[in-house]
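Report on one structure; see the data block that follows.
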Amino acid sequence: MPLIDALIVHPTFAPVVASDKPFRKLDFTANNADLPTLDLTDTAAFSDYVFGKMLDNGQYVGVGGYDEHRVIYRRSAHFGDYAAEGRCIHLGVDIWAEALTPVCAPLPGVVQSAAFNDNFADYGPTIILRHELGGFEFHSLYGHLGLASLENIFVGREIAAGEAFTAIGHYPENGNWPPHLHFQLITELSGYHGDYPGVASLAERARYLDNCPDPNLILRLAILG
């Protein structure tokens, strides 16, 4: 894909979430034996597990999830019937950090849309930026933000590379998730405005991954390979 080539050769991107803490890759697949023991509908308990056990009482920033077959989506009917092959393939990278952590644009962009996707386990406040790189247009999506993030955002607003234009949100306003950023790259929005699927079914896995390149092409975190 020419866009992927343009991302690879681009010399540097601004950090989307800057942190002095080390990154730790988190596992939300069936390989994580803790998950069946948790009440994932209890967001407070889920958050305590993520920031307590998984992140060693906040000593790390969690990261990962691209093309991950996750079991945590059984927590909400928003993703369909998990037992009947509902949506389970994660299309972005999650960065698990404390609420109010600033989020920056990795390269210059323009606000394409902003919305409050207010369903249980949905994105919550969401911003999509439009970018151009190497003659190719693409988008970046930022989900699970704070409601305050939408106050000064409007379609067409220009965002500079490295500008802290939003922040990770608290639950429940962030879609009722433990605080984290969902960061996703999208080639074609296909008519979506303020939203785009962040999780695909197994049947649609290949189609969506083809349209959503690996965000680590921008994040460039060694722990993600």
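The values are calculated or read from the model by the stated rules, or taken from the named source; none is laboratory data. These figures come from a predicted structure and were not determined experimentally. Reconstructed Cβ throughout: ideal geometry from the backbone, glycine too, with neighbour counts over all protein chains shown.
Could you count how many residues in the range 37-65 are out of contact with any strand residue (DSSP E or B) (no Cβ under 7 Å at 6 or more places or on another chain) and either without any contact (Cβ under 8 Å) to a residue 12 or more places away in the chain or not in a loop (DSSP other than H, G, I, E, B) (or both)? Show your work before the answer.
From the range 37-65, those out of contact with any strand residue (DSSP E or B) (no Cβ under 7 Å at 6 or more places or on another chain) are 37-49, 51-53, 56-59; that's our starting set.
Imposing the further condition that a residue be either without any contact (Cβ under 8 Å) to a residue 12 or more places away in the chain or not in a loop (DSSP other than H, G, I, E, B) (or both) reduces the set to 37-39, 42-49, 51-53, 57.
Number of matching residues: 15.
Kindly check whether there is at least one residue in the range 153-163 that is within 14 Å of the chain's Cα centre (by Cα) and more than 24 Å from residue 6 (Cα to Cα). Give the steps one after another, and end with the answer.
To start, the set of residues in the range 153-163 that are within 14 Å of the chain's Cα centre (by Cα) comprises none.
Within the range 153-163, not a single residue is within 14 Å of the chain's Cα centre (by Cα) and more than 24 Å from residue 6 (Cα to Cα).
For the range 80-190, which fully contained strands (runs of 3 or more DSSP E) count at least 2 residues that are of a type in the set (Phe, Trp, Tyr) and at pLDDT 95 or above? Walk me through how you get there before you give the answer.
Working: elements: 93-96, 102-104, 109-117, 124-133, 136-143, 164-167, 181-186.
It comes to 136-143.
Does residue 172 satisfy the condition of being under 18 Å from residue 16 (Cα atoms), surrounded by fewer than 18 Cβ atoms within 10 Å (Cβ to Cβ) and not aliphatic (A, V, I, L, M)? Please lay out each step first, then the result.
Numbers: under 18 Å from residue 16 (Cα atoms): no; surrounded by fewer than 18 Cβ atoms within 10 Å (Cβ to Cβ): yes; not aliphatic (A, V, I, L, M): yes.
Criteria not met by residue 172.
If you check 196, 208, which single one turns out to be part of a loop (DSSP other than H, G, I, E, B) and surrounded by 18 or more Cβ atoms within 10 Å (Cβ to Cβ)?
Details: 208 fails: part of a loop (DSSP other than H, G, I, E, B).
Every option except 196 fails the conditions.
Looking at the range 1-29, which of the residues that are without any contact (Cβ under 8 Å) to a residue 60 or more places away in the chain and β-branched (Val, Ile, Thr) is farthest from residue 96 (Cα to Cα)?
12
Mind checking which residues of the range 31-41 are surrounded by 12 or more Cβ atoms within 10 Å (Cβ to Cβ) and either at pLDDT 95 or above or over 20 Å from residue 120 (Cα atoms) (or both)? Let's see the steps before the verdict.
Step one: list which residues in the range 31-41 are surrounded by 12 or more Cβ atoms within 10 Å (Cβ to Cβ), which gives 32, 35, 38, 40-41.
The answer is 32, and nothing else.
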